[in-house]
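So the structure is just underneath, and the comments pick up after that.
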Amino acid sequence: MLTPLLSQSGSAEHVGELLTALGCLVGAAVMAVVVGVVVYKRFSPSQQRDEGSTAFSLVDLRRLRDEGQISEDEFQKARGRVIGESQDTMDKRVEI
């Protein structure tokens, strides 16, 4: 594969320079993709929502209530908060 390049360019030095430049270009492209993925994950709405979440779902709350770890009153209050947070999240997504 390099034989035609060597005969056309006249020297192996030019091929080496070409390969070095190509390697640098590929490296820069890979770095750009990595940076883009990191920035996307850092600022995506789902990531922000997960960080601020209490990490309790209605299923978790029902299980805690059924096991007697929280009272019915505590369940209702927590349920209201989870539903309110979900509605706020949906409202924000609709605005976008």
Answer yes or no: is there a residue in segment 7-23 that is surrounded by 10 or more Cβ atoms within 10 Å (Cβ to Cβ), at pLDDT 70 or above and among the acidic types (Asp, Glu). yes
Filter pass, residue 83 being among the aliphatic types (A, V, I, L, M), modelled with pLDDT of 90 or more and surrounded by 10 or more Cβ atoms within 10 Å (Cβ to Cβ): no
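The values are calculated or read from the model by the stated rules, or taken from the named source; none is laboratory data. All of these numbers come straight from a predicted model, not from anything done at the bench. Positions of Cβ are generated from backbone atoms using ideal geometry, with glycine treated the same way; all protein chains shown enter the neighbour counts.
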